[in-house]
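> Input: one structure, supplied below.
Every read-out reported here was derived from the displayed coordinates using simple, explicitly stated rules and does not represent laboratory data. This is a predicted model, so every value here is computed, not measured. Glycine gets a Cβ as well: all are built from the backbone with ideal geometry, and neighbour counts include every protein chain shown.
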Amino acid sequence: MDFETIIGLEVHAQLKTHSKIFCGSSAAFGGAPNEHTCTVDLGLPGVLPVLNRQVVEFTIRIGLAVGAKIVPSCRFARKHYFYPDLPKGYQISQYEQPICEGGEIHIFLKNGEERIINLTRIHMEEDAGKLIHGDEIGDASHSFVDLNRAGVPLLEIVSEPDLRTAEEAETYLRKLHTLVRYLDICDGNMQEGSLRCDANISIRPRGTDNFGEKVEIKNMNSFRNLRRAIEYEEERQRATLEAGGQIIQETRLWDDPSGPTQPMRTKEYAHDYRYFPDPDLVPLQIGKKWLNEVRRKMPELPDDKRERFQKEYKLPLYDAEVLTAERDLADYFEKAAGAAGADYAKLVSNWVMGDVLRVLNEKKADIENCPVTADHLAKMIGLIGDGTISGKIAKSVFDIMADTGKDPETIVEEQGLRQITDTGAIEQAVADVLSTNPKETERYKGGEKKLIGFFVGQVMKATQGKANPQAVQEMLREKLSG
Amino acid sequence: MAISREDVLHVSKLARLELSEAEIEKFTGQLGDILDYISKLNELDTKDVPPTAHVLEITNVFREDKVDAPRIGSIEEIAPEFHKGHFRVPKVIE
């Protein structure tokens, strides 16, 4: 039977504030265990939470960016459950009235198709502490609690069940990652858990309207794992149904690196959170004035930048998507394209998407610290453009720039990489190659035209790649036809 | 009666309270009495009264985003069990 997968994602993004959401403890990642704690996040009796204004401002920012309705008035609620990562016995979250309702995220699939993913809501809440199990601490019979993370501000971004494939889910999460980084509200570091994702997955026979029983998957801490977990889970559900079994509503844990999802909590533990409005916090009101204030400070958003790149630099959708995935990468491209000139925009794009990203990956560097500056890249592309160097030689120049940080013109002079334009020198090299390869010459003349590639290669070798391959080929054809 | 024995069992389970048979009986009665008393409020016509989220008529109390919380001198002293910088708790497995 042909099944369709229905996926909804719940994404948690840690906000980039200095202090926690309801107290003045540091919200920084790491620190000695329990170093970033105070009376409030430890949940000591008699303390009162006070809302961090920056958290609201950050949330308004993303609400505006996704076109959500930012409600004029909302409040916080207590969500109760017992777990040692939560010292108060409840988490302060939002329930009936979240700060943002609706909104949408636009994604582009590999085939160029655009999909609009609707959001249900975005709300603010506090993160829980970290639990360490077993013998890491040298005592396998207990668990250990570090409350540094307790009270760090989180956004929960809930999508409608609009996603249909693992690819769509991964692309959606990447887009959210791009967005929170553009808005400068979350560092997006998935390894440190700054951006986390849970997925609700169900399948149904294609063409039907009812949703199947859904399974929640937690603990996917990378784009790749999200994709693998969904692919595994849709296959598991399909096999279960086809074997005549039933899907049980449950929470499963993605168990990296071993792969498959494992059941986590059974229905017996199904939560009854007993939400109620937190009496320790007063209602929050957001007026037009505040919204406008935030709106004025909004950066250019990824979708707008992508469209502008397509128009202004005449780039294909794919290029524009890759280049605008990170604000700093987009800035680098714009700087290089601006310096190289509009005619070279596509060439700049190719170099940025190819060699620049490769070098950053090899050197584990950020684009801000790219050893090849945007100006140097532009200059190098200028050298290709005016025929000083060939595209092939440019690869070597680029690698030398990456290793030394030197100016491309200096490198070309120092290494003698200037393209040979002197026809006499090329003619000499061609004649040498033909005379040292009499057999191949015969075969070419006998009709094996494919050998032209061999001759070009030999001449390029003889000239250390400095001859213009186009000119070499023309000259070879001429000599061989005579 | 405003509350059933099942309600009391459910709530005590959520609150991780172990109740004796006598206590279940007693609390079912007492909680029922409290709910009956509170339900007097239902006699009021609140059709035109917006729901109250908070008894204080103030909104938007904020703190600025500054790291300024005083650290507790010794967490270890207030922790029931403490080990290598961590609170030690009975083993929980996710």
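> Can you tell me what share of the DSSP beta bridges in chain A is antiparallel? A percent to the nearest 5 is fine.
Values: 55 of 60 bridges.
So the antiparallel bridges in chain A amount to around 90 percent.
> For the protein assembly as shown, evaluate the Debye formula with one uniform point scatterer on each Cα (no solvent term) and list log10 I(q)/I(0) at q = 0.10 Å⁻¹, rounded to two decimals.
Those come out to -1.03, one per q.
> Now for a separate question. What percent do you get for the relative contact order of the stretch A:1-155 when only Cα pairs under 8 Å and 6+ apart count?
Numbers: 293 pairs, mean separation 41.1, N = 155.
Averaging sequence separation for qualifying contacts and normalising by length gives 26 percent for the stretch A:1-155.
> In deg cm²/dmol, rounded to 500, what helix-only [θ] at 222 nm does chain B give when every DSSP H run of at least 4 residues adds -39500 (n - 2.57) and the total is split over its residues? Walk me through the numbers on the way to the answer.
On the way: 3 runs with 32 residues, N = 94.
Using -39500 (n - 2.57) per qualifying helix, the result is -10000 deg cm²/dmol.
> Taking Cα atoms of the stretch A:300-415, Rg/Rh with Kirkwood Rh, to two decimals?
Details: Rg = 13.7 Å, Rh = 14.2 Å.
Radius of gyration over Kirkwood radius for the stretch A:300-415 works out to 0.96.
> Relative contact order for chain A using alpha-carbon pairs under 8 Å, separation at least 6, rounded to a whole percent?
Working: 829 pairs, mean separation 66.2, N = 482.
Value for chain A: 14 percent.
> Take every DSSP beta bridge whose two residues both sit in the stretch A:3-290, then give the antiparallel share in percent to the nearest 5.
Details: 55 of 59 bridges.
Roughly 95 percent of the DSSP beta bridges within the stretch A:3-290 come out antiparallel.
> Of the candidates B:VAL11, B:VAL49, B:VAL67, which one comes out as most mobile in a Gaussian network treatment of chain B with C-alpha springs shorter than 10 Å?
The residue that fluctuates most here is B:VAL67.
> Neighbour counts of other C-beta atoms within 10 Å: give me A:ILE248, A:ILE105 arranged from fewest to most.
Working: A:ILE248 11, A:ILE105 23.
Lowest count first: A:ILE248, A:ILE105.
> Considering only C-alpha atoms, what is the centroid distance from the stretch B:15-82 to the stretch A:388-407, in Å?
68
> Additional query: Mind pulling the angle between the C-alpha long axis of helix B:5-14 and the longest principal axis of chain B? Nearest 10 degrees, somewhere in 0 to 90.
10
> I need A:PHE3, A:PHE398 ordered by Cβ neighbour count within 10 Å, fewest first.
Numbers: A:PHE3 18, A:PHE398 23.
Lowest to highest Cβ neighbour count: A:PHE3, A:PHE398.
> Let me ask something else. Using a 10 Å cut-off around each Cβ, can you sort A:GLU300, A:GLU168, A:GLU440, A:GLU362 from fewest to most neighbouring Cβ atoms? Each step should come with its number before you reach the end.
Numbers: A:GLU300 12, A:GLU168 20, A:GLU440 17, A:GLU362 9.
So the ranking, lowest neighbour count to highest, is A:GLU362, A:GLU300, A:GLU440, A:GLU168.
> Under a Cβ-Cβ cut-off of 14 Å, what is the net charge of the residues other than B:ILE75 that fall near it, where Lys and Arg count +1 and Asp and Glu count -1? All intermediate terms of the calculation are to be shown ahead of the outcome.
On the way: positive: B:ARG71, B:LYS84, B:ARG88; negative: A:GLU35, A:ASP41, A:ASP146, B:GLU76, B:GLU77, B:GLU81.
That works out to -3.
> Please compute the volume of the convex hull spanned by the alpha-carbon atoms of chain B and report it per residue in Å³.
On the way: hull volume 25.3 nm³, N = 94.
For chain B, the hull spanned by Cα atoms encloses 269 Å³ per residue.
> Would you calculate, for chain A, the mean residue ellipticity at 222 nm contributed by helices, counting each DSSP H stretch of 4 or more residues as -39,500 (n - 2.57) and dividing by all residues, to the nearest 500?
Numbers: 16 runs with 184 residues, N = 482.
Computed mean residue ellipticity for chain A: -11500 deg cm²/dmol.
> On to the next question. Using a 10 Å cut-off on Cβ to Cβ distances, tally the other chain neighbours for every residue of B:52-62 and report the average as a whole number. Working shown, then result.
Values: counts 2, 14, 8, 2, 3, 2, 2, 7, 10, 9, 10.
Averaged over the peptide's residues, the number is 6.
> When every alpha-carbon pair in the stretch A:423-480 is counted, what percent end up more than 12 Å apart? Mind dumping the intermediate values first?
On the way: 989 of 1653 pairs.
Cα-Cα pairs in the stretch A:423-480 separated by more than 12 Å: 60 percent.
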